Structure formats: C-alpha cells, structure tokens
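*Asks:* Okay, here's the structure, questions in a sec.
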Amino acid sequence: MLVLENLSYHINGKALLDGVSLELAAGEVLALVGPNGAGKSTLLRLLGGEWQPSQGTITFLGRPLSRYRRQELARLRGVMAQRAELAFEFTAQEVVMMGRYPHQGWSTSNTDRQIVEAALTRTEAWHLRERLFATLSGGEAARVTLARVLAQQPRLFLLDEPTAALDLRHQQLVMMIARELAAEGRGVLVVLHDINLAAQYADRVGIVHDGRLAVLGDPWKVLAASNIEAAFDLPVLVQPHPAHAGPLIVPLAPTR
C-alpha cells in the first residue's frame, strides 16, 4: 500500500529525517516509536503532503504520492495530526462532517450524516456533537478529530500520537479501532509515545532515532531492552505480558 525509499528531509543544513525506507501493507498496523525530536512527526508530515521530501520517494497504491490530485488523495488517505486547532466556532459534529467533504456533492446527504454519527459513536464522542470544538478538553478533541478521519473512510490512516491526550480507557479504545481498521483491510501507520501500546496492538514496530529508522520488525525483536536503551538512553526491563502475546516494557530509573 505504501512504500518509502530513502526518504530524507533537511532544513537549514540539518537532517530531520535521513534515509528512511519502509513498506506498509493493507491490513497492517505499523507503529513508530522513539524519543522526542527523533523525526517521527516529520515523517508523517511528509506522508501527509504538508512538507516535501529533500530526497527519496513515496509511492502510494502503486503511484508516486506527488501525482495524486488533492481531492483524490483526500478520499484515500486520512491524517490525524498531533494538534487540531480551529479559528472558527465549529461544533464537534461539524468538524467530523469535514471528513465527508472529499466525498460530497453540493449538499450533505443522509448517508453523510449517518457516517458522521457512526464515527462519533465509535470514538465515544457522540454526546459531544453539539459542543463547540474549541471548548473540548484535549482528550475530547482528540476523539472528535479521530472521528473526522474515520468519517473520511480512507484506505490509509496516518495517526500522529492519537493517544497522547487520552485517559487509560480511551487509549485502549483508539488502538482497538486501529486494529479494527486493519481487519477491514486498511493500512494504519501510527506514531506512539507509549511503547507498551505499540507492543500490544502493532503488527510491526519501528524505532526512529536521530532521524533514522534504527530498527523495524516484530514487536518482540524490535522492543528488546538493548534497542530501547540505545534510543531512549533509559534502562528497561522487558518481559512477557501477562494478558497478551507481546512484550511488557518496564522503565527503570535513569542512570546519571
């Protein structure tokens, strides 16, 4: 579904991303983890078309990303950024309806309204529909923003730290939705700070460090103590999780 080859992004002589290559298949959840400033969000901005790569190629569904028209791409690829800010007073429901714009004609149909209701319900945000988006808490806004991307019904989901502002229940809910999307045959590329969520829900995990993709593969292979310690400069204990097949990562006190 998505192929990145030698992708780099330089600004003022500094490489924010350097030579990243990876593939994402339909039906897969691929999680990227790494320390702050490692290049994870830069990668998603390149995939979202917000920035253009300094070098390398992005191929989506067999075509270069640059050859898609904006509306065509909006039907196929949905992006959830870290922060969603609106300058106007839209309700939550109106924000989610924006996800239908690439599919709409001149007016909103009953089908559009049903899809928006289903998306808000799926993210447990239907009760927020009449609230002004600007008045929502960080976690509420994140769930509404995810609902907007769900309403878009793309084949590829790019999610940048979708769980960062969420409580424990809704962190699990969002990652369960990511797994459901993969089961529907969609591709999900998600940036996470919580390594244990990556271990629990991702088919593959990549660690991004200093702008490079340091390691990519099965969660047990990638989330080895040596790899985590090298990227985060933090000792960890890695052991089998009692409730699922992935590893459990326990951070230990940092050495000084």
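The values are calculated or read from the model by the stated rules, or taken from the named source; none is laboratory data. As the structure is a computational prediction, the values presented were derived from the model and not from experiment. All Cβ positions, glycine included, derive from the backbone under ideal geometry; neighbour counts span all protein chains shown. When the accessible area is computed, the model is the full protein with side chains, heavy atoms only, and any ligands, DNA or RNA have been set aside. Shrake-Rupley method; radii C 1.70, N 1.55, O 1.52, S 1.80 Å.
*Asks:* In the range 148-167, is there at least one residue being modelled with pLDDT of 95 or more, assigned to a helix (DSSP H, G or I), open to solvent by 50 Å² or more (accessible area, probe 1.4 Å) and more than 22 Å from P102 (Cα to Cα)?
*Replies:* No, because not a single residue in the range 148-167 is modelled with pLDDT of 95 or more, assigned to a helix (DSSP H, G or I), open to solvent by 50 Å² or more (accessible area, probe 1.4 Å) and more than 22 Å from P102 (Cα to Cα).
*Asks:* Right, another one. For the list (1) open to solvent by less than 50 Å² (accessible area, probe 1.4 Å); (2) in contact with a strand residue (DSSP E or B) (Cβ under 9 Å, 6 or more places away or on another chain); (3) within 17 Å of A31 (Cα to Cα), I need the number of the one condition that H193 fails.
*Replies:* (1)
*Asks:* Would you pick out the residues in the range 122-136 that are under 20 Å from the mean Cα position of the chain (by Cα) and either in a helix (DSSP H, G or I) or free of Cβ contacts under 8 Å to residues at least 40 places away in the same chain (or both)?
*Replies:* Hits for the range 122-136 are R122, A125.
*Asks:* Which of the residues belonging to the range 99-128 are among the hydrophobic types (A, V, I, L, M, F, W, C) and modelled with pLDDT under 95?
*Replies:* W106 - this is the single residue of the range 99-128 that is among the hydrophobic types (A, V, I, L, M, F, W, C) and modelled with pLDDT under 95.
*Asks:* Now for a different question. Which one of A182, A81 is at pLDDT 95 or above, within 23 Å of L2 (Cβ to Cβ) and of a type in the set (G, A, S)?
*Replies:* Among A182, A81, only A182 is at pLDDT 95 or above, within 23 Å of L2 (Cβ to Cβ) and of a type in the set (G, A, S).
*Asks:* Kindly list, by first and then second residue, each pair from a residue in the range 211-237 that is under 22 Å from L16 (Cα atoms) to a residue that is modelled with pLDDT of 95 or more and assigned to a helix (DSSP H, G or I), limited to pairs with Cβ atoms under 6 Å and residues at least 6 apart or on different chains.
*Replies:* V215/V222; V215/N227
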